[in-house]
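Contents: one structure, followed by commentary.
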Amino acid sequence: MPARQPRVILITGCSSGIGRSSAELLAARGHIVYATARRRESVEELRAWAYAVEGRAFADLLDVTQPQTIHPVVERIFAEQGRIDVLVNNAGYGQPGAIEDLTREQWLAQFDTNVFGLVEVTRAVLPHMRARRSGRIINISSVVAHIVTPLMGAYGASKHALDAINTALRMEVAPWNLNVVTIEPGPIRTAFQANVDKNRFAGIASEESAYRQYYRALEHRWVEQFDKSGVPPERVAQAVRRAVETRRPRTRYRVTWVAHWAPALSALLGDRLTDYLMRRTFGLVKVRPGRDTQC
Ligand SMILES: NC(=O)c1ccc[n+]([C@@H]2O[C@H](COP(=O)([O-])OP(=O)(O)OC[C@H]3O[C@@H](n4cnc5c(N)ncnc54)[C@H](OP(=O)(O)O)[C@@H]3O)[C@@H](O)[C@H]2O)c1
């Protein structure tokens, strides 16, 4: 069923997963979607799709870590549509690795995409939304904004930071009648997990790492967990659609039972018990003196 009032929507990170599903669903609902991606080949692919949905979708290059790619897209949308009703900040990735192992560059890169990039796109769009006293910012956060898994501390930290940004921004832009919505998915079956592995091998799969056995365990359990409890990205796209179309959107939409219950359960159990269960789930068993330690 088409939406009654078509919205002009900018989405980041549409080459795959949640971004792509959201773009497809929102265009199918009759909205005008500007689907962006950071790689040229992804933009070409998006253009082929956009062409097929005739005038309701457009594709453009946007790397959230490259401000020179952000502003031209925002200006283009204003030139063509006169407004942006909704910004969906979706682009993101997960940098795996123990806190001890991750380099400064890996930390900066994680925050550059998941936090600073998101802020940069938001800052580019906000003056236009404030001028019209109308608009919605939808940020794709994660359940890890509330409950962190071991060996994914940098990713968890980036989503914790996003939660603080969401809360402050929500209050700051309320006087202009703007809404800020957080979507908190649990495990979703997308390219995310494969990219976690890719990042792991690219940066931290060093045989010298004291945590190497846990990385190996994480690899198996990670895939196992996602296979068991992950849901397709269309489920998140439906939450994005609700946040776009509802007259008064909620401040948070949680997707999957993990996102609904894990933070509350963890608060109930307390830190020690939660840590114990997490460590068991992710294979972080006690180090046997003299055998597994490295210094
Ligand atoms: N999958 C999950 O279980 C899960 C759970 C909770 C939250 N999330 C969040 O959901 C969002 C989407 O992830 P996904 O699961 O759909 O994974 P995905 O399929 O890997 O999609 C991530 C998207 O972000 C893009 N991206 C990465 N860095 C970028 C940059 N610098 N500029 C622009 N785009 C960039 C990727 O582009 P490339 O293809 O070029 O890399 C890709 O299009 C992320 O913010 C993630 O943290 C995912």
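Quick rundown of the values:
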quantity	calculated
Stretch gain in nm, segment R133-K198, where the contour uses 0.36 nm per residue and the Cα spacing is subtracted	19.2 nm
For V180, residues with placed amide H under 5 Å, excluding near neighbours	I137
Charge sum, other residues only, whose C-beta stays under 10 Å from S15's C-beta, Lys/Arg counted +1 and Asp/Glu -1	+1
In Hz, Karplus ³J(HN,Hα) per residue of region 55-67 (6.51, -1.76, 1.60; θ = phi - 60°; x = Gly, Pro)	x, 9, 9, 9, 10, 8, 7, 8, 9, 5, 8, 10, x
Residue of P232, P185, P96 that the Gaussian network model of the chain assigns the largest fluctuation, springs spanning Cα pairs under 10 Å	P232
Cross-link reach list, lysines versus K159, counting only Cα pairs under 27 Å and skipping chain neighbours closer than eight places	K198, K228
GNM result for the chain, Cα springs below 10 Å: residue of V73, V285, V43 fluctuating most strongly	V285
Cα-centred dipole magnitude for the chain, charges only on beta-carbon of K, R (+1) and D, E (-1), debye, nearest 20	1040 debye
Mean Cα-pair separation over length for region 8-281, i.e. relative contact order, pairs under 8 Å, 6 or more apart, %	19 percent
Globularity index of the chain, i.e. its alpha-carbon radius of gyration over 2.2 N^0.38 Å	1.04
Label zone at V287, where the point sits 7 Å out along the Cα-to-Cβ direction: region 137-177 residues whose backbone N lies under 15 Å	151
With at most 10 neighbouring Cβ atoms within 10 Å, loop GluC sites (Glu not before Pro) (DSSP) excluded, longest segment of the chain	101-206
Degrees between helix 192-203 axis and first principal axis of the chain (Cα, 0 to 90, nearest 10)	60 degrees
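The numbers here are math on the coordinates, done by the rules we state, and not lab data. Please read these numbers as outputs of a predicted model, since none were measured by experiment. Please note: Cβ atoms are built from the backbone with ideal geometry, for glycine as well, and neighbour counts cover all protein chains shown.
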